[in-house]
1. Taking K and R as +1 and D and E as -1, what net charge do the other residues with C-beta under 15 Å from the C-beta of W59 add up to?
2. Using a Gaussian network model of the chain whose springs link C-alpha atoms within less than 10 Å, name the residue from H26, H45, H88 with the highest mean-square fluctuation.
3. So what are the three principal axis dimensions of the chain from its Cα atoms, in whole Å, longest to shortest?
4. Using the scaling law 2.2 N^0.38 Å as the reference, what is the normalised Cα Rg of the stretch 1-75?
5. Helix-only mean residue ellipticity at 222 nm, the chain, DSSP H runs n ≥ 4 weighted -39,500 (n - 2.57), per residue, nearest 500. What is it?
6. Please report, ordered by residue number, every helix of the chain (full DSSP H runs) that is 18 Å or longer along its axis going by C-alpha atoms and whose mean Kyte-Doolittle hydropathy reaches -0.5.
7. With +1 on the Cβ of every Lys and Arg and -1 on the Cβ of every Asp and Glu, and nothing else charged, how large is the dipole of the chain about its Cα centre, in debye rounded to the nearest 20?
8. Can you tally the lysine pairs in the chain where the Cα-Cα distance is under 24 Å and the two residues are eight or more apart, or on different chains?
Amino acid sequence: MFLEYFALGLLVFVALVLFYGIIVIHDIPYEIAKERDHPHQDAIHVSGWVSLFTLHAIWPFLWIWATLWRKERGWGFHKLEEEQHDMHHRMDVLIDQVSALEKEMAALKSRDALTQPVQHPNNEIKQGDE
């Protein structure tokens, strides 16, 4: 008699865990959307409940929908591409500046080499190369 009640209790416990587990699993896309501050949080939440009645057919699409949005870049990668293009442009400008500075330094070094005093073997310092 005890084992029958134990089996019944275990069966009810497993049924409740499965029932609530399925509900919690279907709330995962909503939790992702809430964490990412998704503009369609409410629609994703309602669609999660609807997906319970459609035998979970739309649930993978809800997951994808929830993960597509990022607050810092929006939908997809367009903003990221713009930032990379801007960084490449700034890098090109910096490369041009560095090459101009290198040319200027080379010109200054060659000018200083011509006007630098030269010390002769007899320890006399003379201006220029005579």
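Only the coordinates and a few stated rules stand behind these numbers; no lab work does. All of these numbers come straight from a predicted model, not from anything done at the bench. Here the Cβ is made from the backbone with ideal geometry for all residues, glycine too, and neighbour counts use every protein chain on show.
1. Working: positive: none; negative: D27, E31.
With Lys, Arg at +1 and Asp, Glu at -1, the neighbours total -2.
2. Between H26, H45, H88, it is H88 that shows the largest mean-square fluctuation.
3. 121, 37, 19
4. Numbers: Rg = 17.2 Å, N = 75, 2.2 N^0.38 = 11.3 Å.
Cα-based Rg divided by the globular estimate yields 1.52.
5. On the way: 5 runs with 94 residues, N = 130.
Value at 222 nm, helices only: -24500 deg cm²/dmol.
6. Working: long enough: 2-26 (36 Å, 2.31); 41-53 (19 Å, 0.63); 78-115 (56 Å, -0.78).
Sorted by number, the helices that extend far enough and score high enough are 2-26, 41-53.
7. On the way: 11 positive and 19 negative charges, 74 e Å.
Using only the charged Cβ atoms, the result is roughly 360 debye.
8. On the way: K34/K71; K34/K79; K71/K79; K109/K126.
Taking the chain as the scope, the lysine pair count is 4.
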